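Engineer: The structure follows.
The numbers here are math on the coordinates, done by the rules we state, and not lab data. Nothing here was measured: the structure is a model prediction, and the numbers come from that model. Ideal geometry is used to build each Cβ from the backbone, glycine not excepted, and the neighbour counts take in all protein chains shown.
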Amino acid sequence: MSKIDPPTNDTSLKHPSAPPPSSRSADGNENGNGNGNSEPDSQNPEGPSPSRQKSAKMKAKLTKARNDLHTEKQLKQRLYKGLVKLASELKDARTECNELIQQREDEDKNWYDGGMWRGPELLPGIRAVARQRMETGQKSVPDKRGKDAVSLSDLFFDLVIVTAFTRVGVAIKDRGGLDGASLAYFCIFWLIWGKEASFSTRFDTTDLSSQVETLLTCFAVLFGSLSSTATFESGNATRMMVVAAFVALLHFCLHLRVWFWFREVSPQSEMICVKNYASYIMAFTAVEFLIWMVGIFVLGETSSWRGYLFLVAILLSFRLPRTFLPNDFHGKFYSILCNKDKIFSLYMESKRKDDLTTCSLFCT
């Protein structure tokens, strides 16, 4: 007979649903609780465990460090913006200083320096406007123009224009009122003065070529003032058209010289506006000259179309004041506006620095 083995304590022979012995405590209860309950440690009257306390403290430190970093980042951003603004203002100050030095050199320069027939040169304020337009689009110029005193040629030309206006006033008095011919002659003399002023407020007119052009214009105005008392249907009106055509041709040649001098400038250069301005003036003066020539050689003295021809030619003589290249008057106006903007920007910058100092003191 075979021998029967005694029963063993192997747990593999027990019921499958019975828990393993390792899951029970020494006194037969689960999870080590004497009451047999599975409550979390948070219900423990002794409080959270040390590991959870350490984790909470670490989260608080991380939150504080994150807030400190965010505050420091904002302070550094404000400081960086202030430094960038200061660098920009220093750059503008250096540019203005160089322009003032150049302006002083232009004021001390003799009229024959660079040659009596030297090329056309922009006034210092106009160079500043051209540079600002090309670089930043802002329009700012130095506080003073290149030549403050009135030259003898400009003074003589102004006296000639006053004489022509006086002749027109005498004609209005003799006729007992203002008619179309007197108004047209007045506009012609005024537009001639405007052409001369437009050139002399943008370019240096101390060279010999500009002086000769001004002298020829003075002679033409004096010649035309002798005919300013006649009507349209007369030979005197023809002489007035000759004067206007002659001055238009002079300014065409004057700006052709400017265009030729700046013909090779780069499109990215600030002097490209000078070339465009010269082309613009040449186009309008050429059309004006052709209209006056039509009135001189095509329309007779008895033609009723002469008044309309005067009207069209006078309208073509008008120029927009700041087309391509502003003159020194508008440059002076822009300098006042820019100075106001600079004062306001300096005030805002000082206020920003005060806020930055207060914030840094508070944070420390």
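Engineer: Among 272, 281, what is the fewest-to-most ranking by other Cβ atoms within 10 Å? Write out the running numbers ahead of the final one.
Structural biologist: Numbers: 272 17, 281 24.
With the sparsest Cβ surroundings first, the list reads 272, 281.
Engineer: Okay, next question. Compute the distance in nm between two label points, each set 7 Å from the Cα along the Cα-to-Cβ direction, one at residue 152 and one at residue 298.
Structural biologist: The modelled label-to-label distance comes out at 4.4 nm.
Engineer: Next up: Label-point separation (nm) for residue 93 and residue 226, each offset 7 Å from Cα along Cα-to-Cβ?
Structural biologist: Simple spin-label model gives 6.2 nm for this pair.
Engineer: If you don't mind, another one. How do 274, 243 rank when sorted from fewest to most other Cβ atoms within 10 Å of their own Cβ? Numbers along the way, then the final one.
Structural biologist: Values: 274 24, 243 27.
With the fewest neighbours first, 274, 243 line up as 274, 243.
Engineer: Of 233, 213, how do they rank once you tally other Cβ atoms within 10 Å and put the fewest first?
Structural biologist: Working: 233 15, 213 20.
If I rank by nearby Cβ atoms, fewest first, I get 233, 213.
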